[in-house]
Amino acid sequence: MPDWTDLRYFLAIAREGTLAAAARELEVDASTVGRRLTALEEELGSRLFDRTPAGLVLTDVGRGIRSAVEEMEAAALAVERRASGEDARLEGVVRITLTEAFAVDVVLPRFAPFRERHPGIEVRFLTDYGSLDLARREADIAVRLTRPQEDTLVARKVGEIAIAPYASETYLERRGMPDPSQGFAGHDVIGYVDSAERWPEARWLAEAAPSAHVAVRCNSLLSVVAATSAGLGVGVMPCLCGDRESGLRRVAPVVASLRRDIWLVVHADLQHNARVRATLHFLAELIQRERPLLSGEGRPAPRASGRRAP
């Protein structure tokens, strides 16, 4: 019977396409991945990948066994989740996936009380714009701005995020206040590029500011905030970011169509895990307490520098 570790390496190679990329995913060196693949191919008596200039491509045999190996992976992950779900200890690792801006502006500045309350829990913040897979244990908790559709996930709405257009004081001194009713005519805006072009903010800006000139394009929220703070143009951002920058002003009301719900998400198998429950409870309290900041109803104390690190 093939070793499960070898099968895990097989899946990583199939998903990533190269030994080096699979090694990064598995947090081992590429030579280890290569040895494991060779051992598996010898065990099965078949070649599983063709070596091509573009990387490793599954052979017919490789494609034939992939679904079965993925079923084995799902079963192994289910065993792990259910075992963890009954863990009553307030110690161990909890991984939270959330955007960098939400971590920097909302959670991390207010997280010290959790550490004092639960010193045995090590929280790992995974700031990524992609959605890490909770079923595959890539994270234990997700803070998301859309409600998940998977039946295996449990989601709770805990707040809302308001979004509005901002400009810097220096920009407004040079160019004057823009008029949204005129499509921001005569003004510069911060546009979007790559995956950020699919954001609702990008679609709204294209519709609301057809007469504006795009000064620069960014692919992250922190870049939009930095460009706006630098006076390059009008930027659309969550009020939790814009209101924290001392040199920024809202140039139009909160955009109702861009308002987002905040969801705390956990896999159903982990919802009774003690350390996960403690972390969820703290996050829910924190987010609800910061409702004025998130909803744009109250301006918090600005950052001392008024600028973000590059």
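The table below lists the values:
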item	result
Test for E25: is it closer than 20 Å to R137 by Cβ and at pLDDT 90 or above	no
Hits in the range 6-23 - residues which are more than 20 Å from R63 (Cβ to Cβ) and either surrounded by 15 or more Cβ atoms within 10 Å (Cβ to Cβ) or not assigned by TED's automatic domain parsing to the domain that holds V61 (or both)	A23
Residues of the range 156-194 classified as closer than 17 Å to A215 by Cα, in a strand (DSSP E or B) and not aromatic (F, W, Y), total	7
Members of the range 218-242 found to be hydroxyl-bearing (S, T, Y) and out of contact with any Leu (no Cβ under 8 Å at 6 or more places or on another chain), listed by number	S220, S223
Residue match in the range 206-228 (condition: acidic (D, E) and over 15 Å from I163 (Cβ atoms))	no
First in the range 130-154 and part of a loop (DSSP other than H, G, I, E, B), second anywhere and among the polar types (S, T, N, Q) and modelled with pLDDT of 85 or more, Cβ under 7 Å, 6 or more apart	L132/T97; A135/T152; A139/T97
Hits in the range 260-281 (condition: crowded, with 19+ Cβ neighbours inside 10 Å and more than 20 Å from V106 (Cα to Cα))	H267, D269, L270, N273, R275
Enumeration of residues in the range 36-58 that are out of contact with any Gly (no Cβ under 8 Å at 6 or more places or on another chain) and surrounded by 15 or more Cβ atoms within 10 Å (Cβ to Cβ)	R36, L37, A39, L40, E41, L44, L58
Residue ranges of helices (runs of 4 or more DSSP H) in the range 1-103 with at least 1 members farther than 28 Å from L264 by Cβ and of a type in the set (V, I, T)	4-16, 30-44, 60-85
Residue selected from the range 90-119 under the condition of a type in the set (G, A, S) and farther than 12 Å from F282 by Cα, by the criterion surrounded by the most Cβ atoms within 10 Å (Cβ to Cβ)	A101
Evaluation of S257 against (1) surrounded by fewer than 19 Cβ atoms within 10 Å (Cβ to Cβ); (2) of a type in the set (S, T, Y); (3) farther than 30 Å from E150 by Cβ (one fails), failing number	(3)
Subset tally (residues that are over 20 Å from the mean Cα position of the chain (by Cα) and either without any contact (Cβ under 8 Å) to a residue 60 or more places away in the chain or part of a helix (DSSP H, G or I) (or both)) for the range 271-280	4
Filtered residues of the range 195-204 (kept if without any contact (Cβ under 8 Å) to a residue 40 or more places away in the chain and part of a helix (DSSP H, G or I))	A196, E197, R198, A202, R203
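Let's see how each residue does on (1) touching a strand residue (DSSP E or B) at 6+ places or on another chain (Cβ under 8 Å); (2) under 20 Å from E207 (Cβ atoms):
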{"site": "R144", "(1), (2)": "yes, no"}
{"site": "E150", "(1), (2)": "no, no"}
{"site": "V154", "(1), (2)": "yes, no"}
{"site": "E160", "(1), (2)": "yes, no"}
{"site": "P165", "(1), (2)": "yes, yes"}
{"site": "P178", "(1), (2)": "yes, yes"}
{"site": "S181", "(1), (2)": "no, yes"}
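The values are calculated or read from the model by the stated rules, or taken from the named source; none is laboratory data. Model, not experiment: these values are computed from the prediction. Ideal geometry is used to build each Cβ from the backbone, glycine not excepted, and the neighbour counts take in all protein chains shown.
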